[in-house]
Amino acid sequence: MQAQIATKAANAKPAAPGASAGVRPLDLVHLSRQTLGDRALELELLGLFDKQAGQIIARLDSDLCSSDRKWRHDLSHTLKGSARAIGAGRIAAAAQAYEDALGANFTDGDLKAYVLDLKDAVEEAQGEIRRLLADA
């Protein structure tokens, strides 16, 4: 399984950092479909995602020069899956680009641009999530 992931990542061509900028931070229609319209569940999931995304970004941002890229890939993959589940398309796209860049063995300097793009996507979504939670 790991060999398949490594091969897939090595063959992937990463999108440029910032390529996800035109994607909406949250698709609330998608989230509503995922929760079968349960508003309380939507708010709970958004709150959990807000916390998880912040923790993941803090971890990725704190250790950019680690030689072990597997944990960075795993964290990014976790964030991508969570983002897709709640309709955070920009985060999912930025996380995918970061995963692809990791697999392409980009330099740490190049990877920093991908982390910053992912961080921007998370901050934008967190702002929208916090507005939604405040209005609830």
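Only the coordinates and a few stated rules stand behind these numbers; no lab work does. Only a predicted model underlies this, so the values are computations on that prediction, with no experimental measurement involved. FYI the Cβ positions are ideal-geometry reconstructions off the backbone, even for glycines, and counts take in every protein chain you see.
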Partner lysines whose C-alpha sits under 27 Å from that of LYS13, ignoring same-chain residues fewer than 8 away, are LYS70, LYS80, LYS112, LYS119
With a Förster distance of 41 angstrom and the Cβ-Cβ distance between VAL29 and SER62, calculated FRET efficiency to the nearest 0.05 equals 0.75
Once Lys and Arg are counted +1 and Asp and Glu -1 for all other residues with Cβ under 10 Å from that of ARG72, the total becomes -1
The simple spin-label model distance between GLN55 and LEU133, using points 7 Å out along Cα→Cβ, in nm, is 1.3 nm
Expected sort for 83-95, 29-41, 121-133, 101-113 on mean C-beta neighbours within 10 Å, highest first, is 83-95, 121-133, 101-113, 29-41
For LEU133, the net charge from surrounding residues (Cβ-Cβ under 12 Å; K, R +1; D, E -1) works out to -1
